[in-house]
Amino acid sequence: MLKQIEGSHAVAEAVALCRPEVICAYPISPQTHIVEGIGEMVKAGEVQNCEFINVESEFAAMSVAIGSSAAGARTYTATASQGLLFMVEAVYNASGLGLPIVMTVANRAIGAPINIWNDHSDSISQRDSGWLQLFAETNQEALDLHIQAFKLAEELSLPVMVCMDGFILTHAYERVDIPTQEQVDAFLPPYEPRQVLDPADPVSIGAMVGPEAFAEVRYLEHEKQLRALGLIPKIAEEFKAGFGRDSGGLVRGYCLEDAETVVIAMGSVLGTIKDTVDEMREQGVKIGVLGIISFRPFPLEAVREALKGAKRIVVVEKAFSVGIGGVVATDVRTAMDGLSVKDYTVIAGLGGRPILKKSLRAIFDKALGDELPPLTFLDLDWNIVNKQLERERQKRRSGPVAENILRDVGSSHVAQHS
């Protein structure tokens, strides 16, 4: 059914169609409308056999999710930004225990300074937590990925984050195609847990593991993620057959057939990038786009295959690792090992800064001439940066000698990268 609806409410309806049995949540912008929407449906009796649990914190939300999933219930929660960080200890426990929890991350910047707007800092910070991470480009894809995520999580017995850009998607009204309950039921079978906590047959899970087996446990978690590389495309094909839409998968290419320059990104920014590429294509520029949907596991072979004809790549990412640079770009370079391809990293949209077509076009034009620095911060205000650096230099001149030397080393490092 076609419906003009806010992205958060579209996700709420998708989750409800998946017949969750336990939903535990603590509100934090920009995730709040999702759990509010589901809560209203549960209260109205529109979601059968489902318990909605209001908890006192994000840590409690993930702790309840772990308990309910371990007890055999199909479980869902949602969070963002500092909320995700607050639940981190439990996030690692959920994956370590092999529990198929599905969680929406409404991507938002991490403070300090406090910022409620969108970038990918929150979920990117959890790339090593053992959760699968799927990134949505549109609200339709966000809806579709949640339905696929439950099937993926339960077939692998691993938790899945569905990442959608806060405000840009969560609060945007778009027309989406909401499937029927019958369609979802045909695609997603009833949950059959691999492990169940049963008072009549007590067992312990999450017990301490010593050095003699810890590495093996972590390897088995890694092996499950590698299995997901084959399962994600398979589930996407099943979804296409049942719902008539090509949604999900590992990566999605756009105008790659003859592309000499390929722009790589995740999430909603892909729409703006595609518009920019369309304009450049009209002028005869051989440029294309590769959207990464599965960030964890990272699809090395699929990325390598998509880039095999490229002469240069530009990775546009909405998070970065302080002290080194791009996170997604590092994974892409691993995929490119042995290929003769020039690569550039562009950090963009941090803290919700708009990513404009004219700014992207300027960056892409520089890349085409191989005039782009290896690491670029899109639309960085150098007046602000340089004024602050000068203030710090003045303070150092009046500080202790040893402290001055230490800070000068750091200042020199910054200068080299600027």
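Summary of values
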quantity	calculated
Answer label, with mean projected area of the Cα convex hull in nm² calculated from the coordinates and candidates (i) 27.3; (ii) 25.5; (iii) 23.7	(iii)
Options 71, 102, 57, ranked by Cα towards positive dipole end of segment 34-170, top entry (Cβ charges)	71
Shape of segment 251-377, Cα gyration tensor, a/c cut at 1.5	rounded
For the chain, share of DSSP beta bridges that run antiparallel, in % to the nearest 5	25 percent
Highest-MSF residue in the chain out of 375, 229, 220 [GNM, Cα springs under 10 Å]	220
Among 260-267, 331-338, the order from most to least packed when residues are scored by Cβ within 10 Å on average	260-267, 331-338
Candidates 54, 139, 386, ranked by Gaussian network fluctuation over the chain, Cα under 10 Å, top entry	386
Relative contact order (percent, whole number), the chain, Cα cutoff 8 Å, 6+ residue spacing	14 percent
Out-of-range pairs (alpha-carbon distance over 29 Å; input 3/43; 311/357; 342/387; 318/358; 274/366; 366/387)	342/387
Cα-based shape type of segment 179-263, given that a ≥ b ≥ c are square roots of the gyration tensor eigenvalues and the cut on a/c is 1.5	oblate
Under-5 Å amide H pairs with residue 293, H placed in peptide plane, nonlocal only	251, 252
Global geometry of segment 1-116, whether rounded, prolate or oblate, following the gyration tensor of its Cα atoms and the 1.5 cut on a/c	oblate
Most fluctuating residue given options 366, 286, 318, as computed from a GNM of the chain linking Cα atoms under 10 Å	366
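Quick note: the coordinates plus some simple rules give every number you see, no bench work behind them. Quick caveat, the model's predicted, so the values are computed rather than measured. A quick note on method: Cβ atoms are made from the backbone with ideal geometry, for glycine too, and the neighbour counts reach across all protein chains shown.
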